[in-house]
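Undergrad: Before anything else, here's the structure in question.
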Amino acid sequence: MNANLILVISIGIVSYMCFTNRDLFNKLLFSPYVILREKQWYRFLTSAWVHGDFMHLFVNLFVLYSFGNFLELVFSSWFGNGILQYLLLFVGSVIIAHIPTYLKEKDSYNYSSVGASGGVSGVLFASILIQPLQPLYLFAIIPIPGIMFGVLYMFYTHRMAAKSSDNINHEAHMFGALGGMLILVVLRPTVIPAFISQLMSLVG
């Protein structure tokens with residue numbers, strides 16, 4: 001069993017448990033106010049194992065399963081088994097995704113968020129950085145190059161974060177994506193020239 005599948009299964013199990021156990025849900029969610037005052041730093045990570053509803057959970061696990069398997073295979077070809085590097089990228093993306101929200105909401109008593117979206121975005125965008133021309137599906141229907149999907153996604157999350165018109169932490173999506181790409185570059189700096197080379201092939 002690979003590391004990505006273990007992640008998917010564990011997130012699914014814990015999230016399902018939290019659907020019926022509100023005390024567990026509240027102990028694991030991301031609450032900057034509580035983190036600061038109770039020093040419960042673990043919430044930066046455990047909140048990725050909690051989701052608001054089945055649809056939220058399904059979307060995150062579907063994307064994580066699809067792109068995480070690919071990324072772990074690539075890491076295995078680069079680093080041996082690649083498990084440590086893959087987990088580092090996922091966990092690091094989750095933590096980085098939460099930092100801006102923590103700084104902004106640390107005095108907001110009523111603010112909280114849940115979901116693995118930061119880590120999932122990190123995995124997705126690391127995959128795009130490796131294969132920018134690989135088709136992804138906009139609205140699950142329209143095939144477009146990964147790089148174009150990434151640009152549209154970042155534009156959308158930036159606008160939605162600025163509007164703050166819903167209960168979704170769009171900043172976590174955006175910074176999780178940036179975190180995933182940053183960690184990938186640190187682990188494998190050669191992805192940058194490889195990325196540029198693939199883009200240049202379009203005009204060559």
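Undergrad: Looking only at the range 178-195, how many residues end up being surrounded by fewer than 14 Cβ atoms within 10 Å (Cβ to Cβ) and not hydrophobic (A, V, I, L, M, F, W, C)?
TA: 3
Undergrad: Select, from Gly119, Gly150, Gly146, the only residue that is touching a Gly at 6+ places or on another chain (Cβ under 9 Å) and at pLDDT 85 or above.
TA: Working: Gly150 fails: touching a Gly at 6+ places or on another chain (Cβ under 9 Å); Gly146 fails: touching a Gly at 6+ places or on another chain (Cβ under 9 Å).
Only one candidate qualifies: Gly119.
Undergrad: Going by the structure shown, is Tyr33 surrounded by 15 or more Cβ atoms within 10 Å (Cβ to Cβ) and among the hydroxyl-bearing types (Ser, Thr, Tyr)? Walk me through how you get there before you give the answer.
TA: On the way: surrounded by 15 or more Cβ atoms within 10 Å (Cβ to Cβ): yes; among the hydroxyl-bearing types (Ser, Thr, Tyr): yes.
The answer is yes for Tyr33.
Undergrad: Within the bounds of the range 83-94, is there any residue that is crowded, with 21+ Cβ neighbours inside 10 Å, in contact (Cβ under 8 Å) with a residue 40 or more places away in the chain, of a type in the set (A, V, I, L, M) and farther than 12 Å from Gly180 by Cβ?
TA: no
Undergrad: Looking at Leu199, Leu103, Leu133, which one is touching a Ser or Thr at 6+ places or on another chain (Cβ under 9 Å), at pLDDT 90 or above, surrounded by fewer than 19 Cβ atoms within 10 Å (Cβ to Cβ) and of a type outside the set (Ser, Thr, Tyr)?
TA: Just a single option satisfies the conditions, and that option is Leu133.
Undergrad: Please find, within the range 42-79, the residue that is farthest from Gly180 (Cα to Cα) out of those that are surrounded by 20 or more Cβ atoms within 10 Å (Cβ to Cβ) and charged (D, E, K, R).
TA: Among those residues, the one meeting the criterion is Arg43.
Undergrad: Please go through the range 109-137 and give me each residue that is hydroxyl-bearing (Ser, Thr, Tyr) and touching a helix residue (DSSP H, G or I) at 6+ places or on another chain (Cβ under 6 Å), ordered by number. Steps first, please.
TA: Of the residues in the range 109-137, the ones hydroxyl-bearing (Ser, Thr, Tyr) are 109, 111-113, 117, 121, 127, 137.
Tyr109, Tyr111, Ser117, Ser121, Ser127, listed by residue number.
Undergrad: So for the range 110-121 (the condition being in a helix (DSSP H, G or I), closer than 28 Å to Val14 by Cα and more than 18 Å from the chain's Cα centre (by Cα)), does at least one residue qualify? Show your work before the answer.
TA: Just the residues of the range 110-121 that are in a helix (DSSP H, G or I), to begin with: 117-121.
From the residues that got through so far, the ones that are closer than 28 Å to Val14 by Cα too are 117-121.
Still in the list and also more than 18 Å from the chain's Cα centre (by Cα): none.
Scanning the range 110-121 turns up no residue that is in a helix (DSSP H, G or I), closer than 28 Å to Val14 by Cα and more than 18 Å from the chain's Cα centre (by Cα).
Undergrad: Residues that are under 30 Å from Gln131 (Cα atoms) and among the β-branched types (Val, Ile, Thr): list the helices (runs of 4 or more DSSP H) wholly contained in the range 1-104 that include at least 2 such residues.
TA: On the way: elements: 3-20, 22-28, 32-38, 43-46, 54-79.
So the answer is 3-20, 54-79.
Undergrad: Right, another one. Test of understanding: among Val59, Val50, which residue is in contact (Cβ under 8 Å) with a residue 40 or more places away in the chain and closer than 24 Å to Ala126 by Cα? Spell out the reasoning first.
TA: Details: Val59 fails: in contact (Cβ under 8 Å) with a residue 40 or more places away in the chain.
On inspection, the qualifying residue turns out to be Val50.
Condition check ((1) touching a Leu at 6+ places or on another chain (Cβ under 7 Å); (2) among the small types (Gly, Ala, Ser); (3) at pLDDT 95 or above) across all residues:
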| site | (1), (2), (3) |
| --- | --- |
| Ile35 | no, no, yes |
| Glu38 | no, no, yes |
| Gln85 | yes, no, yes |
| Phe139 | no, no, no |
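Undergrad: If you go through the range 20-42 one residue at a time, do you hit one that is within 24 Å of Gln85 (Cβ to Cβ) and within 16 Å of the chain's Cα centre (by Cα)? Give the steps one after another, and end with the answer.
TA: Within the range 20-42, the first condition is being within 24 Å of Gln85 (Cβ to Cβ), and the residues that meet it are 41-42.
Add one more test, that the residue is within 16 Å of the chain's Cα centre (by Cα), and what stays is none.
There is no residue in the range 20-42 that is within 24 Å of Gln85 (Cβ to Cβ) and within 16 Å of the chain's Cα centre (by Cα).
Undergrad: Return a yes/no flag: does the range 174-192 have any residue that is in contact (Cβ under 8 Å) with a residue 24 or more places away in the chain, among the aromatic types (Phe, Trp, Tyr), assigned to a helix (DSSP H, G or I) and within 28 Å of Glu105 (Cα to Cα).
TA: So far as the range 174-192 goes, yes, one or more of its residues are in contact (Cβ under 8 Å) with a residue 24 or more places away in the chain, among the aromatic types (Phe, Trp, Tyr), assigned to a helix (DSSP H, G or I) and within 28 Å of Glu105 (Cα to Cα).
Undergrad: Further question: Just the residues that are charged (D, E, K, R), at negative phi and free of Cβ contacts under 8 Å to residues at least 12 places away in the same chain, please, taken from the range 28-47.
TA: First, pick out the residues of the range 28-47 that are charged (D, E, K, R): 37-39, 43.
Add one more test, that the residue is at negative phi, and what stays is 37-38, 43.
Arg37, Glu38, listed by residue number.
The values are calculated or read from the model by the stated rules, or taken from the named source; none is laboratory data. Values in this document were obtained by computation on a predicted structure and should not be read as measured data. As a convention, Cβ positions derive from the backbone with ideal geometry for all residues, glycine included, and neighbour counts pool all protein chains shown.
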